[in-house]
Amino acid sequence: MKVMSLWLRLMNTRLGNAIEDIAASQEIERELRAMAARDPLTGVSNRKHFAEMGAIEVERSQRHGRELSVAMLDVDHFKAVNDTHGHACGDAVLRLIVKAAERELRSGDVLGRVGGEEFALLMPETGLADSSAIAERIRERIAGQVLAWD
């Protein structure tokens, strides 16, 4: 009986360790999936994730007969920023643009970096007039940003 009790305790400990290992592996997998969906510089959706979200939203808008808008944001003269001030400055500009844009976004909107200095905005449940107003607010907010760089 004593041997059986010891064996059961050992198996219980091993099972508990295995469950902890599985939980840790699942958490690592979730973190890796989240990292794979994000642009490492700006933190917004990367091109692949944006396309996946776009496909989901197009299907949803068609199924429910609801509006969906997409806007493109392209940073003018970005090459000149990199050439004149260096890539670290260009990276800071992109992060500044994303922060400015995110202040105007709603919880269901998706901002993605789809090119070097190109971003796309997915706006579910949004028609042309409202999406134009959102895009203009984003443009104004970005235009009002100042980056001090030496």
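With each label modelled as a point 7 angstrom along the Cα→C-beta vector, the residue 143-residue 51 pair spans 3.3 nm.
Starting from a Cα-only point model with no solvent, please compute log10 I(q)/I(0) by Debye for region 30-90 at q = 0.13, 0.19 1/Å. Debye output, listed in q order: -0.56, -0.88. Here's how it looks for residue 38: its modeled amide H is under 5 Å from those of 46, which are all 5 or more places away or on a different chain. In terms of the mean number of neighbouring beta-carbon atoms within 10 Å, the peptides 104-111, 57-64 order highest first as 104-111, 57-64. Over region 1-128, Cα pairs under 8 Å with separation of 6+ residues give a relative contact order of 31 percent.
Spherically averaged projected area of the convex hull of Cα atoms, region 78-150: 5.1 nm².
Ordering 94, 142, 110 by the projection of their Cα atoms onto the charge dipole of the chain, which places +1 on the Cβ of Lys and Arg and -1 on the Cβ of Asp and Glu, puts 110 at the extreme positive end. The HN-Hα couplings worked out from phi for region 101-110 by the Karplus form 6.51 cos²θ - 1.76 cosθ + 1.60 (θ = phi - 60°) are 5, 5, 5, 9, 7, 8, 4, x, 6, 10 Hz, whole numbers, x standing for Gly and Pro. For region 1-142, the spherically averaged projection of the C-alpha convex hull amounts to 13.4 nm². Using a simple spin-label model with pseudo-atoms 7 Å out from Cα toward Cβ, residue 74 and residue 29 lie 4.1 nm apart. Relative protection proxy for 136-148, 120-132, from highest mean packing down: 120-132, 136-148 (other beta-carbon atoms within 10 angstrom). Each residue of region 5-17 is assigned a 3J(HN,Hα), and the resulting list reads 5, 4, 5, 5, 5, 5, 5, 5, 5, 5, 5, x, 5 Hz, derived from the Karplus form 6.51 cos²θ - 1.76 cosθ + 1.60 (θ = phi - 60°), x at Gly and Pro. In a simple Cβ point-charge model (Lys, Arg +1; Asp, Glu -1; nothing else charged), the chain has a dipole of about 760 debye relative to its Cα centre.
When the chain is treated as a GNM with alpha-carbon contacts under 10 Å, the residue of 18, 92, 100 showing the greatest mean-square fluctuation is 18. On the chain, 57 percent of the accessible area sits on carbon and sulfur atoms, based on a 1.4 Å probe.
Ignoring lysines fewer than eight residues from residue 48 along the same chain, the ones with Cα atoms less than 27 angstrom from its Cα are 79, 99.
The values are calculated or read from the model by the stated rules, or taken from the named source; none is laboratory data. Here the structure is a predicted model, which means the values were calculated and not measured. All Cβ positions, even for glycine, are placed from backbone atoms using ideal geometry, and neighbour counts span all protein chains on display. Quick note on the areas: whole protein, heavy atoms, side chains included, nothing else; ligands and nucleic acids left out. Shrake-Rupley method; radii C 1.70, N 1.55, O 1.52, S 1.80 Å.
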